[in-house]
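Before any comments, here is the structure.
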Amino acid sequence: MRRSVFATLACALPLVLAAPAWAAALPPSGAVLEAWRDVTSFHEDLGRIDRARDLLENEVARAPSLDALLLLSWAHLIWADYRAPSIDAKLASYERGRDTAKRAIDMAPRSPEAHLWYAANLGRWAITKGKLHAAFLLSTLRQEIQTILELDPNHVPGLSLAGSFYLETPGIFGGDVPRAEGYLRKALSLDPHFTRARVELARCLIEEGKYDEAREQLKGVIDERQPSYIADWVMRHRPTAERLLAEIRSK
């Protein structure tokens, strides 16, 4: 059931990402809030990704705040995932997202979200490009995960990313399924509706042969009525849970 680390990064990084901590403190109006609404509801209309990206590009050119930089990095990642018409367009968007997140890190080195978006866009770019050695990619991701959790030990997306990382990394390079399970259980204790972590916890349980509990976790994702991030749940988490549940039906 386990995939290569590159296959995992290709699908896991976008899924693990969630609302940055500053979301609740966004101003009641303005381009950033409008773009936030588009980014978090793109499952209703993929064109909202384009609109959010364009709004944020203009906002960053006008007044490059940390809020705008973080959200623009996210917008570039999901545009590459869902809207890019070619490989070259994907690469350009991941590069833009990576560079935007680096600007956010330079502005606020202690922002966990800045490090999260940097890791996500860099990982996606490397996979799409197909020229980065696994050891280098693993080293970079491990460093970014460590930074995120040092800055905020209760960072739910960071904990979920750590779980995915230690689940999929080969043991010879530091992979550890029980450690992954621990990170994911902690993420869910902090946010039971964070469906990405529940999908990954189910994958840990499948790896450990605990199929009954895995089915319970996957059914929880499918039946979720208040997902923390509905666009991610509709587009990625629920379909993934349905696929995994079908794969272990006879186990």
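Numerical summary
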| read-out | value |
| --- | --- |
| The stretch 34-124 - charge dipole about Cα centre, Lys and Arg +1 at Cβ, Asp and Glu -1, debye rounded to 20 | 240 |
| Per residue accessible area of the chain, 1.4 Å probe, in Å² | 43 |
| D (Stokes-Einstein, µm²/s), Kirkwood Cα radius, the chain, 1.567 mPa s at 4 °C | 71 |
| Low-density loop positions, GluC sites (Glu not before Pro), the stretch 193-236 - DSSP coil, at most 14 other Cβ in 10 Å | 208 |
| In Å², nearest 10: area of residue 186 left accessible to a 1.4 Å probe | 80 |
| Dipole of the chain, positive end: most advanced residue of 182, 206, 78 [Cβ charges, Cα centre] | 206 |
| Computed helical MRE - 222 nm, the chain, DSSP H runs ≥ 4 contributing -39500 (n - 2.57), nearest 500 | -22500 deg cm²/dmol |
| Cα→Cβ-extended label distance, 7 Å offset, between residue 250 and residue 92, nm | 4.8 |
| Fraction of the pair-distance distribution of the stretch 36-164 above 27 Å, Cα-Cα pairs, percent | 16 |
| Label-point separation in nm, residue 139 to residue 65, each point 7 Å along Cα→Cβ | 3.8 |
| 15 Å beta-carbon shell around residue 96, net charge (K/R +1, D/E -1) | 0 |
| Cross-link pairs beyond the 22 Å C-alpha cut-off, checked among 219/251; 129/186; 90/219 | 129/186; 90/219 |
| Orientation-averaged projected area, Cα convex hull of the stretch 128-209 (nm²) | 5.8 |
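The values are calculated or read from the model by the stated rules, or taken from the named source; none is laboratory data. If you're wondering where the values come from, they're calculated on a predicted model, not measured in any experiment. We place every Cβ from the backbone using ideal geometry, glycine too, and count neighbours over all the protein chains shown. What goes into the accessible areas is simple: the full protein's heavy atoms, side chains included, and nothing from ligands, DNA or RNA. Shrake-Rupley method; radii C 1.70, N 1.55, O 1.52, S 1.80 Å.
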